[in-house]
């Protein structure tokens with residue numbers, strides 16, 4: 001019996017909607033990365049992007065465990081000498097809450113440029129409970145606080 005490889009014309013992509021209200025960022029990000037990579041499908045292949053599109057709602061209502069709102073620090077560099085910029089998670093929540101979810105998912109995707117970039121482009125994060133993707137007929141997926149997924 002030969003190993004079956006997924007071809008590009010055999011890939012079917014779905015649109016999923018996840019409500020992030022009161023979910024831990026880490027548990028949410030692991031489930032989102034699984035959907036984006038396509039690991040929940042039987043046609044998963046690590047070198048081909050077989051994942052689904054994911055819409056995340058209420059990104060401004062996520063939670064961290066412990067004292068991470070004050071202790072967790074996000075770094076970025078401007079490219080100039082002495083250009084290291086840091087923000088705590090609380091400051092990120094005030095400035096750009098969608099970036100908290102996007103960076104958490106980015107850290108859980110494969111560590112290469114082209115595949116991870118394509119998978120991350122399929123992630124749509126919104127702060128409210130409205131999204132402009134109603135035409136795609138997304139399916140609602142509920143993620144419990146324990147990390148279990150109900151489709």
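Coordinate-derived values only; no laboratory data. Bear in mind that the values here come from a model prediction, so they are computed numbers and not experimental data.
With axes computed from alpha carbons, what is the tilt in degrees of helix 97-106 against the longest principal axis of the chain, rounded to the nearest 10 within 0 to 90?
Approximately 50 degrees, to the nearest ten.
Can you give the Rg/Rh ratio of the range 1-84, where Rg is from the C-alpha atoms and Rh is the Kirkwood radius?
Computed over Cα atoms, the ratio is 1.14.
Only helical DSSP H runs with n ≥ 4 go in: add -39500 (n - 2.57) per run for the chain, normalise by residue count and round the 222 nm mean residue ellipticity to 500 deg cm²/dmol.
Helix contribution divided over all residues of the chain: -7500 deg cm²/dmol.
Anyone know which of 134, 33, 59 comes out most mobile in the 10 Å Cα GNM of the chain?
Comparing 134, 33, 59 in a Gaussian network model of the chain, the most mobile one is 134.
Using only the alpha-carbon atoms of the chain, report the extent along each of the three principal axes, biggest first, to the nearest angstrom.
So the extents along the principal axes, rounded to whole Å, are 55, 36, 29.
Of the residues 51, 79, 26, which exhibits the maximal mean-square fluctuation in a Gaussian network model of the chain defined by a 10 Å Cα contact cut-off?
In the Gaussian network model the winner is 79.
With an 8 Å cut-off on Cα pairs and a minimum separation of 6 or more residues, tell me the relative contact order of the range 3-151 in percent.
Once divided by the residue count of the range 3-151, the mean separation gives 33 percent.
Take the alpha carbon gyration tensor of the range 76-151, find the square roots of its eigenvalues, order them as a ≥ b ≥ c, and report rounded if a/c is under 1.5; if not, report prolate when a/b exceeds b/c, else oblate.
Prolate, because a/c is 1.5 or more and a/b exceeds b/c.
Going by alpha carbons, how many degrees (0 to 90, nearest 10) lie between the helix axis of 25-37 and the longest principal axis of the chain?
Once rounded, one gets 30 degrees.
Quick one: among 58, 14, 70, which has the greatest mean-square fluctuation in a GNM of the chain with alpha-carbon springs under 10 angstrom?
It is 70.
May I ask what percent, to the nearest 5, of DSSP beta bridges between residues of the range 54-151 are antiparallel?
Rounded to the nearest five, the antiparallel share is 70 percent.
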